[in-house]
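The values are calculated or read from the model by the stated rules, or taken from the named source; none is laboratory data. Quick caveat: nothing in here was measured; it's all calculated off a predicted structure. No Cβ is skipped: glycine too gets one built from the backbone with ideal geometry, and neighbour counts run over all protein chains shown.
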Amino acid sequence: MAKPKSSTSQFVNPLNERYAGPEMSYLFSPDFKFSTWRKLWIALARCERELGLPITADQIKEMEAHIFDIDYERVRELEKKTRHDVMAHIAAFGERCPTAKAIIHLGATSAFVTDNTDLIQLKEAAILLLRRMAGLIKILRDFCLQYKDLPTLGFTHFQPAQLVTVGKRASLWLLELSMDFKALEEFSQRIALLGAKGATGTQASFLSLFNGQMDKVLRLDNMVASSMGYADVLPVSGQTYTRKIDATAAALVGGVAQTLHKIANDIRLLQHLKEIEEPFEREQVGSSAMAYKRNPMRCERMTALARFIMSLVSSPAQTAAEQWFERTLDDSANKRLAVSQIFLSADAALIIACNVCDGLVVNANVIRRHIDEELPFMATENILMEAVKRGGDRQLLHERIRNHSQAAASRIKEEGKNNDLLQRIADDPAFNLSAAEIARTLNISDFIGCAPQQVENFIASHIDPLLAEAGKKYPALDKADLTV
């Protein structure tokens with residue numbers, strides 16, 4: 001027996017219920033989509049009237065009064081009969097606007113409302129992500145500067161390597177994020193509307209409406225776009241805009257996901273080392289079984305969302321490749337699922353990233369302890385040079401360091417004892433160095449290279465100019481009222 005329909009007996013997309021912010025959720029909502037359809041019908045009618053078609057100001061005024069009062073139940077009834085969503089909405093709009101009913105959708109095909117709306121959604125969604133990204137860039141910028149001088153173990157192959165600084169490592173995240181930001185911004189600025197192109201992109205229906213006056217047909221195309229706030233239309237199309245636009249959007253947002261995935265993974269690894277941790281509230285529970293645990297659940301969620309985005313990127317690409325001639329309809333269901341969820345997931349992942357990076361806990365004492373455990377190995381090159389200056393044989397001393405290093409490593413790994421490499425070298429007369437003299441070679445600031453200056457230069461030359469421009473174009477979004 002089927003369960004009765006209710007809010008808790010049907011699938012609810014977690015992207016809306018748990019993760020994405022209200023702005024992005026609204027952008028892909030029925031209210032935004034179908035009210036935009038009506039705005040496009042009004043823009044079309046207004047432009048056709050300006051170009052001389054017999055459409056009255058009262059008809060347009062009537063349509064303008066009913067942009068948002070969409071009777072969804074009535075639309076469902078009509079779609080059951082027509083099996084066509086656009087025709088159902090035209091009929092429902094016409095019932096609200098009996099005077100204007102005859103001129104709604106005049107000369108247009110379904111793609112006029114569906115595709116122009118999709119392009120508007122793409123642009124607005126990209127701008128929302130840019131606003132989130134600008135906030136994250138600012139947070140990471142401040143973090144990089146705050147910790148530009150704090151030495152930490154560098155890792156190659158997740159094995160201890162030369163020292164870096166906490167701020168320098170975070171600048172790697174910031175670089176990738178700034179690259180993603182610039183690429184997505186450029187894309188958003190290039191988005192043009194489909195315009196009024198007709199059933200196969202030839203504008204034949206509009207040419208008929210205007211009795212062969214091609215100049216009016218061409219003007220209509222641009223006038224509709226301008227009335228919707230867009231400067232450009234696509235120069236050519238089939239019935240639909242090229243689906244490469246969707247594929248490009250997906251690839252760019254997929255790039256953002258790659259960056260967020262790396263950031264989250266790095267923080268998860270650092271949290272395992274107890275060096276850097278994501279925020280953890282006083283009453284937060286880390287594990288239902290192990291009460292002591294502080295799991296990196298926010299970064300794990302960010303990783304999961306980023307992985308989901310990357311898995312979706314191929315769908316718009318395949319859809320673009322599969323479009324036959326002037327159009328096929330195998331794109332519709334895929335677009336509804338893939339494009340919306342790519343942007344909703346990216347919004348959600350960025351919300352988490354802002355929350356995590358704004359509250360990162362840096363455990364400087366743990367970081368220093370790990371450095372002290374590994375620094376003797378890193379210092380051997382400096383010690384070798386100092387001993388050679390005092391007359392030592394470089395090749396002989398290199399071999400003795402190799403033997404001492406292996407013995408110290410064996411003591412650490414097999415016996416669980418501390419690293420006594422420096423004491424072994426001090427006790428070896430071949431080096432002619434006292435323990436105090438060796439200690440002077442262990443100045444940590446000598447091991448971080450140009451890291452602090454690199455951070456300062458990078459932020460001054462690349463990040464601050466980016467943020468100055470972003471501040472004018474992309475006002476900050478309020479922090480989402482979500483449990484992250």
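Before we move on, is Lys417 of a type outside the set (S, T, N, Q), outside any helix (DSSP H, G or I) and in the same structural domain as Pro376 (by TED's automatic domain parsing)?
On the way: of a type outside the set (S, T, N, Q): yes; outside any helix (DSSP H, G or I): yes; in the same structural domain as Pro376 (by TED's automatic domain parsing): yes.
Yes: the conditions hold for Lys417.
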For this session: Considering each residue of region 38-69, count those that are surrounded by fewer than 19 Cβ atoms within 10 Å (Cβ to Cβ), outside any helix (DSSP H, G or I) and hydrophobic (A, V, I, L, M, F, W, C), and give that number.
Result: 5
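If only one of Ala317, Ala264, Ala249, Ala304 is assigned by TED's automatic domain parsing to the domain that holds Gly201, in contact with a Cys (Cβ under 8 Å, 6 or more places away or on another chain), at pLDDT 95 or above and small (Gly, Ala, Ser), which one is it?
Values: Ala317 fails: in contact with a Cys (Cβ under 8 Å, 6 or more places away or on another chain); Ala249 fails: in contact with a Cys (Cβ under 8 Å, 6 or more places away or on another chain); Ala304 fails: in contact with a Cys (Cβ under 8 Å, 6 or more places away or on another chain).
Residue meeting the stated conditions: Ala264.
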Problem set entry | Complete set of residues in region 107-116 that are touching a Leu at 6+ places or on another chain (Cβ under 7 Å) and not small (Gly, Ala, Ser) | Phe112, Val113, Asp115, Asn116
Exercise. Do the conditions hold for Glu50, that is, is it closer than 22 Å to Asn222 by Cα, modelled with pLDDT of 95 or more and more than 39 Å from the chain's Cα centre (by Cα)?
Worked result: yes
Problem set entry | Residue that is surrounded by the most Cβ atoms within 10 Å (Cβ to Cβ) [pool: residues in region 145-167 that are part of a helix (DSSP H, G or I) and out of contact with any Asp or Glu (no Cβ under 8 Å at 6 or more places or on another chain)] | Val166
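Looking only at region 173-185, decide whether some residue is more than 30 Å from Leu270 (Cα to Cα) and out of contact with any Phe, Trp or Tyr (no Cβ under 8 Å at 6 or more places or on another chain). So that I can check it myself, show each step before the final result.
First pass over region 173-185, keeping only residues more than 30 Å from Leu270 (Cα to Cα): 185.
Retained after the next criterion (residues that are out of contact with any Phe, Trp or Tyr (no Cβ under 8 Å at 6 or more places or on another chain)): 185.
Yes, there is a match, as at least one residue in region 173-185 is more than 30 Å from Leu270 (Cα to Cα) and out of contact with any Phe, Trp or Tyr (no Cβ under 8 Å at 6 or more places or on another chain).
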For this session: Go through region 220-256 and count every residue that is of a type in the set (Ser, Thr, Tyr) and either in contact with a Phe, Trp or Tyr (Cβ under 9 Å, 6 or more places away or on another chain) or farther than 29 Å from Gln341 by Cβ (or both).
Result: 3
Exercise. (1) in contact (Cβ under 8 Å) with a residue 24 or more places away in the chain; (2) over 25 Å from the mean Cα position of the chain (by Cα): which one isn't true of Gln453, the others all being true?
Worked result: (1)
Exercise. Do we have any residue at all in region 174-183 that's buried (at least 22 other Cβ atoms within 10 Å of the Cβ), of a type in the set (Asp, Glu) and closer than 25 Å to Ala251 by Cα?
Worked result: yes
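In this structure, is Ala409 out of contact with any helix residue (DSSP H, G or I) (no Cβ under 6 Å at 6 or more places or on another chain), over 21 Å from Ala161 (Cβ atoms) and either in a helix (DSSP H, G or I) or not assigned by TED's automatic domain parsing to the domain that holds Glu275 (or both)? Reasoning before the result, please.
Working: out of contact with any helix residue (DSSP H, G or I) (no Cβ under 6 Å at 6 or more places or on another chain): yes; over 21 Å from Ala161 (Cβ atoms): no; either in a helix (DSSP H, G or I) or not assigned by TED's automatic domain parsing to the domain that holds Glu275 (or both): yes.
No, not satisfied.
Of the residues Leu384, Leu375, Leu442, which is surrounded by 15 or more Cβ atoms within 10 Å (Cβ to Cβ) and in contact with a His (Cβ under 8 Å, 6 or more places away or on another chain)? Spell out the reasoning first.
Working: Leu375 fails: in contact with a His (Cβ under 8 Å, 6 or more places away or on another chain); Leu442 fails: in contact with a His (Cβ under 8 Å, 6 or more places away or on another chain).
Selected residue: Leu384, the only one of Leu384, Leu375, Leu442 that is surrounded by 15 or more Cβ atoms within 10 Å (Cβ to Cβ) and in contact with a His (Cβ under 8 Å, 6 or more places away or on another chain).
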Seminar exercise, completed: Within region 355-398, restricting to residues that are in contact (Cβ under 8 Å) with a residue 60 or more places away in the chain and of a type in the set (Gly, Ala, Ser), the one that is nearest to Ala426 (Cα to Cα) is Ala379
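Pick from Ala88, Ala111, Ala125: which is crowded, with 18+ Cβ neighbours inside 10 Å, free of Cβ contacts under 8 Å to residues at least 24 places away in the same chain and either in a helix (DSSP H, G or I) or not β-branched (Val, Ile, Thr) (or both)? Lay out the reasoning, then the answer.
Working: Ala111 fails: free of Cβ contacts under 8 Å to residues at least 24 places away in the same chain; Ala125 fails: free of Cβ contacts under 8 Å to residues at least 24 places away in the same chain.
The conditions single out Ala88.
If a residue has to be of a type in the set (A, V, I, L, M, F, W, C), without any contact (Cβ under 8 Å) to a residue 12 or more places away in the chain and part of a helix (DSSP H, G or I) to count, how many in region 310-354 make the cut?
To start, the set of residues in region 310-354 that are of a type in the set (A, V, I, L, M, F, W, C) comprises 310, 312-313, 317, 320-321, 324-325, 329, 333, 337-339, 342-344, 346, 348-354.
In the following step, the residues that additionally are without any contact (Cβ under 8 Å) to a residue 12 or more places away in the chain were identified as 321, 324, 329, 333.
Retained after the next criterion (residues that are part of a helix (DSSP H, G or I)): 321, 333.
Within region 310-354, residues that are of a type in the set (A, V, I, L, M, F, W, C), without any contact (Cβ under 8 Å) to a residue 12 or more places away in the chain and part of a helix (DSSP H, G or I) number 2.
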Exercise. What are the residues in region 235-272 that are free of Cβ contacts under 8 Å to residues at least 12 places away in the same chain and among the aliphatic types (A, V, I, L, M), if any?
Worked result: Leu270
Seminar exercise, completed: Among Ala45, Ala88, Ala125, Ala108, the single one that is in contact with a Gly (Cβ under 8 Å, 6 or more places away or on another chain) and either of a type in the set (Ser, Thr, Tyr) or under 29 Å from Leu234 (Cα atoms) (or both) is Ala108
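Might you check whether a residue that is among the polar types (S, T, N, Q), within 15 Å of Ala225 (Cα to Cα), in contact with a helix residue (DSSP H, G or I) (Cβ under 8 Å, 6 or more places away or on another chain) and at pLDDT 95 or above occurs anywhere in region 29-40? Working first, answer last.
First, the residues of region 29-40 that are among the polar types (S, T, N, Q): 29, 35-36.
Those left that are additionally within 15 Å of Ala225 (Cα to Cα): 36.
Next, from what is left, pick out any that are in contact with a helix residue (DSSP H, G or I) (Cβ under 8 Å, 6 or more places away or on another chain): 36.
Still in the list and also at pLDDT 95 or above: 36.
There is at least one residue in region 29-40 that is among the polar types (S, T, N, Q), within 15 Å of Ala225 (Cα to Cα), in contact with a helix residue (DSSP H, G or I) (Cβ under 8 Å, 6 or more places away or on another chain) and at pLDDT 95 or above.
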Exercise. Quick one: how many residues across region 11-22 are at pLDDT 90 or above and over 19 Å from Met302 (Cβ atoms)?
Worked result: 1
Problem set entry | Single match in His398, His370 (criterion: outside the structural domain of Leu163 (by TED's automatic domain parsing) and closer than 30 Å to Arg301 by Cβ) | His370
Exercise. Name the pairs: first residue in region 420-437 and surrounded by fewer than 19 Cβ atoms within 10 Å (Cβ to Cβ), second residue of a type in the set (Val, Ile, Thr), Cβ to Cβ under 7 Å, at least 6 apart or on different chains?
Worked result: Ala426/Ile438
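What about Ala468, is it without any contact (Cβ under 8 Å) to a residue 24 or more places away in the chain, in the same structural domain as Leu184 (by TED's automatic domain parsing) and part of a helix (DSSP H, G or I)?
Numbers: without any contact (Cβ under 8 Å) to a residue 24 or more places away in the chain: yes; in the same structural domain as Leu184 (by TED's automatic domain parsing): yes; part of a helix (DSSP H, G or I): yes.
Here the answer is yes, as Ala468 does meet what is asked.
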Exercise. Do we have Asn334 as at pLDDT below 95, closer than 30 Å to Asn13 by Cβ and of a type in the set (S, T, N, Q) here?
Worked result: yes
